[in-house]
1. Among A:43, A:15, A:88, rank each residue by its count of other Cβ atoms within 10 Å, from fewest to most, as a rough exposure measure.
2. How many partner chain Cβ atoms sit within 10 Å of a residue's Cβ in peptide A:4-10, on average, as a whole number?
3. Quote the relative contact order of chain A in percent (integer), defining contacts as alpha-carbon pairs under 8 Å separated by 6+ residues.
4. Ranked by Cβ crowding within 10 angstrom, fewest neighbours first, how are A:37, A:8 ordered?
5. Within the set of other residues whose C-beta is less than 15 Å from the C-beta of residue B:74, count the net charge using Lys and Arg as +1 and Asp and Glu as -1.
6. Once the other residues with Cβ under 11 Å from the Cβ of residue A:86 are scored (Lys, Arg +1; Asp, Glu -1), what is the net sum?
7. Evaluate E = 1/(1 + (r/R0)^6) for residue B:1 and residue A:49, where r is the Cβ-Cβ distance and R0 equals 22 Å; express this FRET efficiency to the nearest 0.05.
8. If you rank A:24, A:6 by fewest surrounding Cβ atoms within 10 Å, what's the result?
There are 2 protein chains.
Amino acid sequence: MNVRKFTITDAVMDRSPGQDEDIFAGNLVDEHDGAAITIGYGRYGPDVSLTETMAVDDVMVVLEGRISVLSETGTVTAGPGEIVHMPRGQRVTIRSHETGAVTAYVTYPHWRTARS
Amino acid sequence: MNVRKFTITDAVMDRSPGQDEDIFAGNLVDEHDGAAITIGYGRYGPDVSLTETMAVDDVMVVLEGRISVLSETGTVTAGPGEIVHMPRGQRVTIRSHETGAVTAYVTYPHWRTARS
């Protein structure tokens, strides 16, 4: 594998599986690329939310807007330049605010959903 | 492990090992935290560079400024909101520009340096 640079326009954004709100994700590096991690961008419309049980460790870096994550220990809210780590096994509700949000994400191992 | 949010002021920034330029890194999640990944922030002064052989897969999300990465396949340059993936085994020279740079990073497995 070579050193690669990505920008959000490189990502093919698809609606995140299992939901029909305006939450889109586009992988740039995944299980086809030979590394153990998935890299991508996420885009959230205004005031949308998604509840899932994390099947992977997911690190979100907020690039635009704000994201709140509710878990059993409370709610954290992150804005541009801030990071949220959602460990594997956690049940989370990810919610955008009125301006929507753009995120970069890295997961280990490769991203997949595990709904309960 | 719980869901956690980080901002750059949470990171204790130390000079990146093996060099005495103004390149600092601060881990927020590492081998003490029970996940397989390291998460942190990096800060680069103006026009500094660092050459290393990647011992891990390292994903940098540029938050401020610009970073160029030279490898055997050429040079990529990333600005705010852009991502550079430096796969394990690659020999890279990471260079900042006149404004310096701030990055968020995620590595798998845990970050360490391997100089040759």
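Read-outs throughout are calculated quantities, based only on the coordinates presented, and are distinct from any laboratory measurement. For clarity, every value in this text was computed on a predicted model and none was experimentally measured. Quick reminder, even Gly has a Cβ in these numbers, built from the backbone with ideal geometry, and neighbours come from all protein chains shown.
1. A:15, A:88, A:43
2. 6
3. Numbers: 297 pairs, mean separation 35.1, N = 116.
Taking the mean separation of contacting Cα pairs over the length of chain A, I get 30 percent.
4. A:8, A:37
5. +3
6. +1
7. Between residue B:1 and residue A:49 the formula returns 0.50.
8. A:24, A:6
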